[in-house]
Amino acid sequence: MNENRPPLDHFSRWVKHSVTLKLLTIGILVLILLIPSSMIRSIIREREKTRFETEKEVSDMWADRQTIAGPVVHVPLIYEMQKKVKIKDAEAYKIEKYDVKKVLTILPSQLKIGGEISPKKLRRGIYEIVVYNSKMEINGSFDLDVKFDETNLKKVIWEDAFVTIGISDLRGIQ
């Protein structure tokens with residue numbers, strides 16, 4: 001009796017019960033859905049790139065991360081050095097004297113760095129970039145009675161002493 005059924009009925013029954021057809025249909029749907037997924041990923045990458053460029057543009061107008069080093073006192077020292085120099089065409093030596101300039105670096109014995117940081121939001125298009133303003137206060141004291149090598153010391157040049165403070169990006173200084 002099954003043989004008397006029309007071919008369309010066989011096909012209809014095969015479509016309803018075929019596991020292969022169902023797996024094939026699911027596979028085709030998955031492949032079709034990958035297209036919008038790929039488009040969404042492409043938009044996300046583009047927005048990330050634009051956000052990075054916007055942050056770079058804003059950071060070019062503002063200072064980068066700030067690192068503050070110091071203060072440090074530098075005191076120039078003059079040492080008198082000597083060396084043996086062989087006299088030409090003789091077995092004797094003579095002593096020549098020369099000066100060497102060195103710098104004594106003195107770190108603070110006490111250092112207090114305090115400040116107040118306030119964030120500020122800047123908007124560029126759909127992007128929001130946070131930048132920071134800060135007011136810093138640096139207090140310290142130096143013990144200038146430090147021990148250093150006084151062998152062959154000729155002179156301490158106190159009038160040429162100077163203080164340095166290291167700042168990583170001077171654009172942020174006002």
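Computed from the coordinates by the stated procedures, all read-outs in this text should not be read as laboratory data. What you see is a predicted model; the values in this text were computed from it and never measured. All Cβ positions, even for glycine, are placed from backbone atoms using ideal geometry, and neighbour counts span all protein chains on display.
Restricted to Cα atoms, the chain shows a radius of gyration and a Dmax of 39.3, 132 angstrom. Its alpha carbons give segment 1-76 an Rg and a Dmax of 32.7, 115 Å. When the helices of the chain are scored as -39500 (n - 2.57) per DSSP H run of n ≥ 4 and the total is divided over every residue, the value at 222 nm lands at -11000 deg cm²/dmol. One equal scatterer on each Cα of segment 123-174, no solvent, Debye formula: the resulting log10 I(q)/I(0) at q = 0.14, 0.30 Å⁻¹ is -0.70, -1.34. Within a straight-line Cα-Cα reach of under 13 Å, residue 120 can be paired with the following aspartates and glutamates, leaving aside sequence neighbours fewer than 8 residues apart in one chain: 128.
Could you tell me the calculated FRET efficiency between residue 138 and residue 160, based on Cβ-Cβ distance and R0 = 25 angstrom, to the nearest 0.05? Walk me through the intermediate numbers first.
Values: r = 23 Å, r/R0 = 0.91.
Efficiency, from the Cβ-Cβ distance: 0.65.
Using C-alpha pairs under 8 Å with a sequence gap of at least 6, the mean separation divided by the residue count of the chain gives a relative contact order of 27 percent. Looking at 126, 165, 110, which one has the Cα that reaches farthest to the positive end of the dipole of segment 101-174 (charges on Cβ: Lys, Arg +1; Asp, Glu -1)? Value: 126.
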